[in-house]
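Engineer: This structure is in structure tokens; I'll ask about it shortly.
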Amino acid sequence: MAKYGFLGLGIMGSAMAANLVRAGFEVTVWNRTAARCAPLVALGARQAATPREVAESCDITFAILADPAAALAACRGEDGVAAGIGGGRGYVDMSTVDDATAQHIAQMINARGGRFLEAPVSGTKKPAEDGTLIILSGGDRSLYDEAAPAFDKMGKKRLFLGEVGQGARMKLVVNLVMGSMLTALGEGMSLGLKGGLDGAQILEVLDAGAMACPMFRAKGPMLLAGEFPTSFPLKHMQKDLRLALSLGEELGQNLATTVASNELFKRVRIDGHGDEDIGAVFRAIR
Ligand code: NAP
């Protein structure tokens with residue numbers, strides 16, 4: 001059985017790595033803040049001191065880190081993934097980054113004789129816990145096929161989208177849509193409440209019609225309660241909108257609605273609520 005490594009034990013990584021350990025795989029974990037490895041070690045994972053040690057000792061190393069800077073930091077330097085990869089071993093980066101970052105990492109890994117696959121995910125904390133993520137991959141097809149047994153413990157659906165960068169682009173498209181849907185829900189809710197409507201009834205009406213969706217079902221009650229326990233940190237969504245806008249610049253695509261959504265998310269992050277859930281965008285709307 002393949003030996004797996006896992007870098008990044010945040011909200012998503014801790015749940016995804018736990019699913020690999022529970023499935024019976026031999027898993028070696030690393031996290032920048034080492035204390036966050038303890039629950040995984042208690043489940044049966046081995047803990048490594050550096051990303052390099054993980055990449056050296058595992059057939060396939062998975063990572064899910066905060067942003068482009070974090071994804072690059074884990075690869076660089078004498079303790080980084082690139083220093084430990086080689087012999088055709090695999091590196092699968094599941095972080096949400098832009099296509100240029102994914103391509104840069106691919107070059108670093110390939111230059112050291114490793115294989116690279118980007119595989120960002122759609123789905124939040126609960127799907128990560130339940131193993132029902134949607135995995136959006138691009139890069140080395142042989143690595144995609146070899147990683148399938150692990151992907152199938154982490155996700156309910158996986159796609160191979162082609163070259164490195166296409167997974168990143170797909171993920172940014174998904175989050176662009178999600179960010180704008182959430183701001184639209186918040187504006188409709190706020191307008192309705194000011195107009196004397198009952199918030200629960202607004203959600204009930206939306207849920208009965210063509211706009212019914214799991215996200216409104218999950219986030220609607222959060223907006224009404226004014227409490228935002230974190231599944232998807234708002235700071236990460238704002239990063240994704242920023243990256244989507246940058247892709248829009250590069251490809252010459254008008255993204256007027258995304259610009260407006262991004263400004264709302266940015267306001268809330270600047271006000272110090274970036275670690276709250278994306279539902280906290282409602283703070284900037286109310
Ligand atoms: P999180 O809970 O904030 O965890 C971030 C992880 O990145 C932690 O392990 C953190 O280590 C690590 N990290 C941050 N900066 C680093 C650096 N400079 N060097 C090395 N490690 C660093 O985030 P998350 O919610 O799990 O999200 C992780 C990624 O998945 C993000 O790209 C996010 O956009 C994406 N994503 C999230 C969700 C979601 O619903 N949460 C859904 C889909 C995709 P420390 O513990 O040391 O801080």
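None of the figures in this text is laboratory data; all of them are computed from the coordinates on show. Bear in mind the structure is a predicted one, so any value in this text is a computation, not a measurement. Cβ placement follows ideal geometry from the backbone for every residue including glycine, while neighbour counts extend to all protein chains displayed.
Engineer: Arranged from highest to lowest average of other beta-carbon atoms within 10 Å per residue, in what order do the peptides 37-49, 152-164 appear?
Structural biologist: 152-164, 37-49
Engineer: Want the number for residue 111 to residue 271: 0.36 nm per residue separation, take away the alpha-carbon distance, what's left?
Structural biologist: 53.4 nm
Engineer: What size of dipole, in debye to the nearest 20, comes out for the stretch 169-285 about its Cα centre when the only charges are +1 on Lys and Arg C-beta atoms and -1 on Asp and Glu C-beta atoms?
Structural biologist: In total the dipole reaches around 260 debye.
Engineer: Right, here's the next one. Translational diffusion coefficient, Stokes-Einstein: compute it for the stretch 169-285 using the Kirkwood radius over C-alpha pairs as Rh, at 25 °C and 0.890 mPa s, and state it as an integer in µm² s⁻¹.
Structural biologist: 169
Engineer: Same structure, new question: Between 169, 269, 22, find the one with the highest GNM mean-square fluctuation for the chain; connect C-alpha pairs within less than 10 Å.
Structural biologist: Taking springs between Cα atoms under 10 Å, the residue moving most is 22.
Engineer: With an 8 Å Cα cut-off and a minimum separation of 6 or more residues, compute the relative contact order for the stretch 139-283 in percent.
Structural biologist: Reported relative contact order: 28 percent.
Engineer: With charges only on Cβ, +1 for K and R and -1 for D and E, what is the dipole size of the chain about its Cα centre, in debye, rounded to 20?
Structural biologist: Details: 30 positive and 31 negative charges, 53 e Å.
Its charge dipole is roughly 260 debye.
Engineer: Could you bin all the Cα-Cα distances of the chain into 10 Å bins starting at 0 and give me the percent of pairs in each, rounded to whole numbers?
Structural biologist: So the P(r) values, bin by bin, are 7, 28, 33, 21, 9, 2, 0.
Engineer: Provide the packing ranking of 204-214, 223-233, i.e. peptides ordered by the mean count of other C-beta atoms within 10 Å per residue, highest first. Could the numbers behind the result be given before it?
Structural biologist: Values: 204-214: 11.5, 223-233: 16.5.
Output ranking for 204-214, 223-233: 223-233, 204-214.
Engineer: Could I ask something else about it? Once Lys and Arg get +1 and Asp and Glu get -1 on their Cβ, which of 128, 160, 106 lies farthest toward the positive end of the dipole of the stretch 97-216?
Structural biologist: 106
Engineer: Out of 218, 228, 42, whose Cα points farthest toward the positive end of the dipole of the chain (charges: +1 Lys, Arg; -1 Asp, Glu; placed on Cβ)?
Structural biologist: Ranked along the dipole, the leading option is 42.
Engineer: I'd like the GluC sites (Glu not before Pro) in the stretch 16-123 restricted to DSSP loop residues with at most 15 other Cβ atoms within 10 Å, sorted by number.
Structural biologist: 78
Engineer: Work out the charge dipole of the chain with +1 on the Cβ of Lys and Arg and -1 on the Cβ of Asp and Glu about the Cα centre, then indicate which of 143, 255, 5 is farthest towards its positive end.
Structural biologist: 5
Engineer: Next question. Give, rounded to the nearest 20 debye, the magnitude of the charge dipole that the stretch 113-161 has about its Cα centre when Lys and Arg contribute +1 at Cβ and Asp and Glu contribute -1 at Cβ. List each step's numbers first, then the result.
Structural biologist: Working: 8 positive and 7 negative charges, 34 e Å.
Charge dipole, the stretch 113-161, about its Cα centre: 160 debye, nearest 20.
Engineer: Something else now. Calculate the spin-label point distance for residue 249 paired with residue 160, positioning each point 7 Å from the Cα along the beta-carbon direction, and give it in nanometres.
Structural biologist: 3.5
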